[in-house]
Structures are given as structure tokens and as C-alpha cells.
There are 2 protein chains.
Amino acid sequence: MSCPSIPGLLRELRRLHRLASAGEILGWDEQVNLPPDSAAFRGEQMAEFSALLHREATSDAFGALIEDAESMLRSGALNADEVLVVREARRDFDRATKLPSEFVSRKAAAQSRAYHAWTAARAEDNFAAFAPLLKEQVDLAREEAAFHGYHGSAAYDYWIDQFDPGMDAQTIAGLFEPLAVDLPPLVGAIMDSPVKARPDLLRGFDISRQESFLRDVIARLGFDFNRGRLDRSVHPFCSGCGLDTRMTTRFFEDNPLDSLFSGIHETGHGLYEQGLPAEYIGTALGTAAGMAAHESQSRLWENQVGRSRAFWQYWEPFYRQAFPSSLESVSSDDLYLAINDVHPISIRVDSDEVTYNLHIILRFEIEKALFEDRLAVADLPGEWNALSRKYLGLEPSNNSAGCLQDVHWSGGAFGYFPSYCLGNMLAAQLWHAVNTEMPDLQNQFAAGEFSGLLSWLRDRVHSRGRHLNARSLAEEVTGAPLSPGPLMDYLTERYGSLYGIAG
Amino acid sequence: MSCPSIPGLLRELRRLHRLASAGEILGWDEQVNLPPDSAAFRGEQMAEFSALLHREATSDAFGALIEDAESMLRSGALNADEVLVVREARRDFDRATKLPSEFVSRKAAAQSRAYHAWTAARAEDNFAAFAPLLKEQVDLAREEAAFHGYHGSAAYDYWIDQFDPGMDAQTIAGLFEPLAVDLPPLVGAIMDSPVKARPDLLRGFDISRQESFLRDVIARLGFDFNRGRLDRSVHPFCSGCGLDTRMTTRFFEDNPLDSLFSGIHETGHGLYEQGLPAEYIGTALGTAAGMAAHESQSRLWENQVGRSRAFWQYWEPFYRQAFPSSLESVSSDDLYLAINDVHPISIRVDSDEVTYNLHIILRFEIEKALFEDRLAVADLPGEWNALSRKYLGLEPSNNSAGCLQDVHWSGGAFGYFPSYCLGNMLAAQLWHAVNTEMPDLQNQFAAGEFSGLLSWLRDRVHSRGRHLNARSLAEEVTGAPLSPGPLMDYLTERYGSLYGIAG
């Protein structure tokens, strides 16, 4: 990569990134370290900081730098790396500047109200109290999309494109349809199998030993602790960039797999950030390709790798060494089955990798219907429960465990959910490709060697920055368009053999 | 406190404080959490952030708010609180705006060079390599003072006033002189005493139990952990404000008193910050009175309180309970003597509360001579060693343990050292006053009750913000001018009786 012709723009992008990443440290600190009574003050700090950052990211001087670079682009003076940097800078700049400040304040105020209303509504299982604020969020989302030229139901495409450049609702609908058809029968067959996972056997895992085991795993997967950390927070997340990557997880004595796989999931995100070209962080060359691509990395390490036989061939002895008494009466087969437990539940974030996709399809169908004016907010709970019956075979016990369970919509984050399932698809495609290219991969895992996979991902995915998006990434890396086939094949194969289901 | 007439200025001061305090979190995180290879990136983040902050703190809009308030002040429309806020805002604004940006960059670059040169020079015991950069720092300090109207040897007064408003070199010289005369004989008498402290008896103190004991102490002294934290760092410090107070210490298995008293020292700083009027944080009403006042709080809790008989009457049983085997063969008298060990050493930061003052007097005399052109930088080591012999009765084994030991000068921080000893003086005066007013205080300590002292300090010192400085604080609170007498009396009494020295 090289950008010799646009040094001024690069300098300003790096400056803005350094400031934004300082804000990320504040956000990380809020989740990890904040004394309880300091929350209001931190809110004020972050609000002032965001306002200042927004002013910097929308300055006339920055706009002029982009214009200068664009005139060079038009004259053909820029190389492909530079073209990408300029186009993405323009995209971000326009997004930040095209909204009238009146709208920005109005939306921020409405989001704050909606978030608090959602918290209360979920606690009290009172959808009616949240409904008008959710309606307002949908309207604001439409209004924002219109400022960028997306009108009517195209507003949903605008929002999808925010998280996954180049993606739209129709494409996603086409990708999700086969999964909506084929996944429920697979789940049904697993449920009908006489083979039963017993995750409840795993109890009483000392928390400091859980953490030290997880750190060993993370380090061996290739995460560089010299430029990153692992801490504890209520909700696991990964923030920062490859120059200072902050991951978190949480620990439960009686649910050791939750922390372990949350930790490996965040490590997938962290490895992606640490694999982006360090010298171009802050520009499109050093930025992840989108949310689906990011999730493809976290899900691949968590599921395809972390729940594989080969992975546990290596780690099981160490796991038993760390928790000798807790695992004494758990056989190897029971341990592996618990790791690959599949059963439908109402809550998305606690779901296994098979049913998880159905949770996403449900949410996508609801978002799509909302933006196409086929579903009124008031009818959302009924539709949610009907789709839940259809896809998961169960109805949530109440709206708190149903359509009120996720925070996303209260923050106006429509179009985000599909990324999770698109990420699973892409992960399965990458998994298929790398195993075809490196037939020895599973033996490497069994020997505790994960650098072969990481190098491959660095080369094919991480190093490319935003040159690719989820779709072009699938095509370039695997030679096939993004599709649900490999995900379906992977799930059928792993769970079919584990649960003794005829192929 | 109330400031009804200047809402706009208050709003801007609070905004600037929120931004500055976000920068403090970055600084805290750098000391406490930073992954080793992320240091360069953090340096860049902090540089960009500081530049942005400086721009905000010197904006025309802020200047106009101050001018408006000043015209109200001139017309007599402001109350005493408002007058203070406006005057201090002007002082800070002028300080930030009177320096040409060429000078600011030149100084920043020179400081960075000087810091790295000092690190190397100390490691290699090579004063000659550092000398030209130290000379440059003195010249820059003079140049900066001149921008503010302080010329010639008055430059030193400018710098002293930076840290302790209202203080100057001549006043300090008068305050230090009696100590320079009376302390060395006291130290000599302690050294000649047959009573010998044995801090080396305290070994093998489990670190996690040290931390938990320290947390118990800190909480009982009154620090509010709901709006503050204690973490670990190489050098103990306290940062943040009362809305989110971050203290650090460090732990050594074979030197448990270091971490304990460092922790109590930082708690003194933390209690001051938490006692400032929360609603006026960011203005002079919610800002500490100066460095001497700040040190008076940390030193009072660390020394007058933490090393007292009454304090240990309460805590000794808990200390023994936490470290039964390590303290088994240490008698109560030996423990108390170890806590109050006095002996001259070369290193200031490791010195006891008696000899510490002599280290400060030495540094003050050198700084004063440098700014009065009575001492050339090249002659500094000789002068240092001569003063060390004179005051401490010893010569450092080399310059690394002598004139190169402190970081301050490499960062251009001249005039800072005196605050430490002024703080000790003020602490002794406050101590005398509170014990006179509350004759029961020692009994309260012995019963584990420290809120009486804290309430008194809150009322007399913390709640006053910057209405007072070190000198007026002494006069208003103790009824007597700031003076070395009470410090000398306190040291003579505590150590005279402990070491059996005839009064």
C-alpha cells in the first residue's frame, strides 16, 4: 500500500482518528472502570467530546482537503489505494455534514429518551410504553436516509449500507431465504436426536482460573497482548484499533463456556483489528471492510475453530488440568457435546450458532416490513411472536424476552442485525476455502498451531482494509459469490455427525 | 456558593473542564493500563488531544465571555464567588494565550528532547550529556516568564506563583531558613540515639492482602469509592477530580510500608478533590488552592495521622490479622519505630518526613541560585553535593543518585519543589489547630473514627476552593501566618519522644 500523492489528507485522517480513538478509550473506561456514581459526569464528558469531534470531522478545512484530492482523482493522478482513501473520506464527510444540526440534536434527544424508555419497558414488560418512541426512531431513520437521497422503503437500504457497504435489503432477502427454509428442519432433527447435550454438567469453575485459561487460549490464537488487553465488563466487546486493542469478557462459575466463547469471539474481532495495516489506520486502507466482515472473523474463531474437534484435541488436556475436580465426572464426549449444544431459546445473545441465524432472519423480516410500511409498530409484538413460532418453534414468554430483548432499535440502529448472519455466511465460506487450500489445517489445530489460519486471514482479509466489502471479499477470496450454501453445509455436517442425523 | 450573574462563563468553564478531564483519563490509562507497544500511539493521541484542548481554552469566544464578566465585575455587579471565578479564568486564559505558538512548539520539542536526555543521562550517570539541555530548559523558563512580565531573577517568582499563587522566592527563603538551621541537629540527635528503627524486619507481606488492607484503611479515612478508584502503577499518583478520582499505588512484598503510606498519601489528595464543591468543579470555586495546599492534605493524612500512635492503636490488630506470620516476631514497639524510621539518604522520594524537608531546601537553593545567575548549570553537581553534605551529612554516590535523580527539571518544572515543604508546614499548622479545637481527636483515631478530622478539613479547607491560597489558608484557618515553627515543633515532639531525645 502507498499513498504518496495525498499527504495532507492522510495527515488529517490520522489526526481525526487519534481524537476519535481517545473517545473510544473513554467509552472502554466507562464499561470497565467507571465508579458507579461517576456515570453522569462521564456522560457529560462524552457528550462534550463527541460534539467537539463532530466539529473537527466536519470542518471546512477537512472538506477542502477532500476536494483537492478529488480533483487529483478526476485527473487520474491517484493510485488505487489513494482512490479508496479519498472516496471513503468523502462518504464519511458527507454523512457527517449532510445532516442539519437541528436534526442531529433532535435525533440525539429522541435517542436518549428512547433508550431510557426501552430500559423501563423491558423491565416492566410494557411494549405499549415503548411503542411511540420506537415509532419516532423509525421516522427519524427515514428522515436521516432522505437527507442522503434514500426515500421511502429505500431508507432501509441506506441503513444496511451504513454497516455493510454495497449491501441492500433485496440482496439480503435472497441470501436469507434458503436458510429460513433449511435451518428449521435441521434444528428439528437435532431436537429429535437421542443424543443430548448436557451443558449443566459444567459447574463450579474457579473464575481466576477461567481467566488464566482464556488468556492462554487468546495468546496462542495470535492476539498480541503487547498492543492489546483483556478486561472484564458486563457485556463483552472489542474496541480500539490495532495499535491498542481493548477486549472484554465476563465470567460465571456455572457457565464457563459463555466466558470462554465470548472471549474467543472478541479475539476474532481483535485479531482483525491487529491485522489491519498499522500505518494506514484512520484511513479506509486501515479500516475493517464492514460489520459482516468483522463478524465473519469473530464467528469463525468462535465457532468454526473454537468448537471444532481439532481445537479441543489440543485444549482439552489443559482444560482438565485447570479444572480437575469440575471436569472429573464429565467425559470427553459430554464436554464436546456441551460445547456444541443446540436448542432454540427466546434470547438471541444466548443462542447457539445454528438457531442464532433464525433470530437474525426474524429481525430482518420485521425491519424490512417496518420500512416497507407493511407492519405498524403497534403490531410488532404479534408479528414477532408469529415469526418466533415459525422459525424457532416457540413463543417468548413475554415481550421482554421477545421484541423488547435487544437494545439496537432504541438507539436507532436499524439494518445492523443482518450483519451477524451475513458474517456467519462469510465465515463458512472462508472456512471452506482455507480448508481446501490447507488440507493440513485441522492437524495444525490439534497440535496447538493456529498461525497458519491467522496468516491466511491476514493475507486474504485483514491486509485488504476497505478495498473489499462482504460481497467482493467472498468473491475474491473464495471464488464464489456470498451465499448461504457453505453455512448450511457446514452446520449440517458438524451437527449432523455430532447428533447422528442421516445426511 | 453561588454564581447567578455569569452563567455563560460557568458553562464554558465546565465544558473546558470536561474536555480536560477526558485528557486526564487518557493520562491515567497510560500509567495504569497501556499495553507496552501502544506507547507511541498514545503519545500521538495525547499530543493531538492537547493541541485541540489548547485551541478550545484560548478561543476568542472564551476570551469574550471573560471580558463580558470583567465589565460586570468593574461595575460592581458580581459577588465574591463570581469575582474569584472571573479573576482565575482571566489568569488561566492569559497564561494560555500570551505565549506565541512558535514558542509553545519550540518549548514542547525541547522538553521532549530534555526528558529523553535526562533518562539516558541518569541511566549512564552522565551529567555532562544532560547539562546543555538543562541549560536550555532554564533559558526557556526565563523566556516564558518574560512573556508574562517577569524579567531577570523574577522569572523564578513567576514559576513559584504557577504552583502556589501568591508565593515568591523571598518569602520561601524566609520560611525555609529556620528549618535549614534546626532540622540537621534534630536528625543528628535521632542518628545518635540508641533507639534504632528496623524497617528491614518487615518482609514477605502478601501483595493481595496488602491491597485489601490498604483499601480498608482508605475507605475508613473517608474516601468515596463510589466516585473514585485505586489502581496500581509504577509511580503512585492521584488524578481526576472529585467526580471521578483516580488514585494509584504500588506494592512490594518486602517493603509494605512504602505502599501503605504512598496509598494514604494519595488518599489525602483524593479526599481534597472529593471535598471540593462538586457543582463548581471546573471553576476556581471547585479547584484546589494550590500545590502546597494539596500537599498539606496528602502529608497530613500520611504523616500526622498515618504515623501516629492513635492511628496504629486502631489498625495494628487488623494489620497483624492480615499478616500474622510476617508480624509474628515484630513487637508493637518495633512496628511503630519502623513506621517512624528516620535516617538521611540520597533519594528524596524514599526519605522520611524529617529529612524530606532538607531535600527540598537543597533543591530550592539550587533553583534560586540558577535563576539569580549565581550558579552555572555546569557547576550544579558540585553545588548539589556540597549542599547534600551540609544538610544531610552525606554525599550521593554519583550524580544519578544526586542532581539527576528527579524528573522535574527535564520537564521545565522549576518552582515546584518548594510546594512539598510548604505543604509540610501547612499540614503541621492545620494539625496543631485541629488538635487544639478537637482535644478528643486522638481518641477518635484510636477508635477508628476519622470523620471528625475529615469534616473539619472539608469545612475549613476543601470547601473553600481557590478562595484561599497557602498563606491566607494558614492565616484564616489557624489564625497565624504560614511559618515553619509548628512543623519544627511537631517533628521535635514526635521524634524526640520516640527516640528519647532530651527536649
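The values are calculated or read from the model by the stated rules, or taken from the named source; none is laboratory data. On a predicted model such as this, the values are computed, not experimentally measured, just so you know. Here the Cβ is made from the backbone with ideal geometry for all residues, glycine too, and neighbour counts use every protein chain on show.
Structural remarks
- Meets criteria (part of a helix (DSSP H, G or I), among the aromatic types (Phe, Trp, Tyr) and touching a Ser or Thr at 6+ places or on another chain (Cβ under 7 Å)) for A:Trp301: yes
- Test: residue in the stretch B:190-202 that is under 14 Å from B:Asp258 (Cβ atoms), buried (at least 16 other Cβ atoms within 10 Å of the Cβ) and not hydroxyl-bearing (Ser, Thr, Tyr): yes
- One residue stands out among those in the stretch A:47-57 that are within 27 Å of the chain's Cα centre (by Cα) and either buried (at least 17 other Cβ atoms within 10 Å of the Cβ) or among the aromatic types (Phe, Trp, Tyr) (or both): the one that is farthest from the other protein chains (Cβ to nearest Cβ), which is A:Ala57.
- Any chance B:Ala80 is more than 9 Å from chain A (Cβ to nearest Cβ) and within 29 Å of B:Phe103 (Cα to Cα): no
- Scanning the stretch B:58-77 for residues that are within 14 Å of chain A (Cβ to nearest Cβ) and either of a type in the set (Asp, Glu) or within 32 Å of the chain's Cα centre (by Cα) (or both) yields B:Ser59, B:Phe62.
- All conditions but one from (1) of a type in the set (D, E, K, R); (2) more than 18 Å from B:Ala40 (Cα to Cα); (3) buried (at least 23 other Cβ atoms within 10 Å of the Cβ) apply to A:Arg246; the one that does not is (2).
- Residue list for the stretch B:233-243, filter: surrounded by fewer than 20 Cβ atoms within 10 Å (Cβ to Cβ) and within 14 Å of chain A (Cβ to nearest Cβ): B:Ser233
- Of the residues making up the stretch B:331-345, those that are surrounded by fewer than 19 Cβ atoms within 10 Å (Cβ to Cβ) and not in a helix (DSSP H, G or I) are B:Ser331, B:Asp341, B:His343, B:Ile345.
- Annotation: B:Asn33 fulfils all but one of (1) closer than 19 Å to B:Ser233 by Cα; (2) at pLDDT below 95; (3) within 11 Å of chain A (Cβ to nearest Cβ); the unmet one is (2).
- Candidate set: the stretch B:473-503, residues that are within 19 Å of B:Gly423 (Cβ to Cβ) and in a loop (DSSP other than H, G, I, E, B); chosen: the one farthest from the chain's Cα centre (by Cα): B:Ala480
- For the criterion of being of a type in the set (S, T, N, Q) and surrounded by 23 or more Cβ atoms within 10 Å (Cβ to Cβ), A:Ser410 passes.
- The stretch A:197-256: number of residues that are aromatic (Phe, Trp, Tyr), closer than 27 Å to A:His462 by Cα and part of a loop (DSSP other than H, G, I, E, B): 2
- Any chance B:Ala20 is assigned to a helix (DSSP H, G or I) and either in contact with a Pro (Cβ under 6 Å, 6 or more places away or on another chain) or within 13 Å of chain A (Cβ to nearest Cβ) (or both): yes
- Condition check for A:Cys3 on (1) in contact with a Phe, Trp or Tyr (Cβ under 8 Å, 6 or more places away or on another chain); (2) part of a helix (DSSP H, G or I): one failure, at (2).
- With respect to the conditions (1) modelled with pLDDT under 95; (2) out of contact with any helix residue (DSSP H, G or I) (no Cβ under 6 Å at 6 or more places or on another chain), A:Gly166 lacks only one, and its number is (2).
- 2 or more residues assigned by TED's automatic domain parsing to the domain that holds B:Glu295: qualifying helices (runs of 4 or more DSSP H) within the stretch B:347-465: B:417-437, B:441-446, B:451-460
- Among the residues of the stretch A:218-232, those identified as closer than 13 Å to A:Gly242 by Cβ and more than 7 Å from chain B (Cβ to nearest Cβ) are A:Gly222, A:Phe223, A:Asp224.
- Residue match in the stretch A:71-86 (condition: without any contact (Cβ under 8 Å) to a residue 24 or more places away in the chain, of a type in the set (Ser, Thr, Tyr) and surrounded by fewer than 14 Cβ atoms within 10 Å (Cβ to Cβ)): yes
- Complete set of residues in the stretch B:276-328 that are surrounded by fewer than 22 Cβ atoms within 10 Å (Cβ to Cβ), closer than 30 Å to B:Leu84 by Cα and among the basic types (Lys, Arg): none
The rows are residues; the columns are (1) surrounded by fewer than 21 Cβ atoms within 10 Å (Cβ to Cβ); (2) out of contact with any His (no Cβ under 9 Å at 6 or more places or on another chain).
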| position | (1), (2) |
| --- | --- |
| B:Ala129 | yes, yes |
| B:Arg142 | no, no |
| B:Ile160 | no, yes |
| B:Phe176 | no, yes |
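- Filter result (in a helix (DSSP H, G or I) and over 27 Å from the mean Cα position of the chain (by Cα)) within the stretch A:84-102: A:Ser101, A:Glu102
- Which numbered condition A:Leu34 fails, given (1) in contact (Cβ under 8 Å) with a residue 40 or more places away in the chain; (2) outside any helix (DSSP H, G or I); (3) of a type outside the set (S, T, N, Q): (1)
- Unique match (being within 14 Å of chain B (Cβ to nearest Cβ) and farther than 15 Å from B:Ala22 by Cα) among A:Arg42, A:Arg15, A:Arg87: A:Arg15
- Restricting attention to the stretch B:252-275, the residues being small (Gly, Ala, Ser) and surrounded by fewer than 24 Cβ atoms within 10 Å (Cβ to Cβ) number 3.
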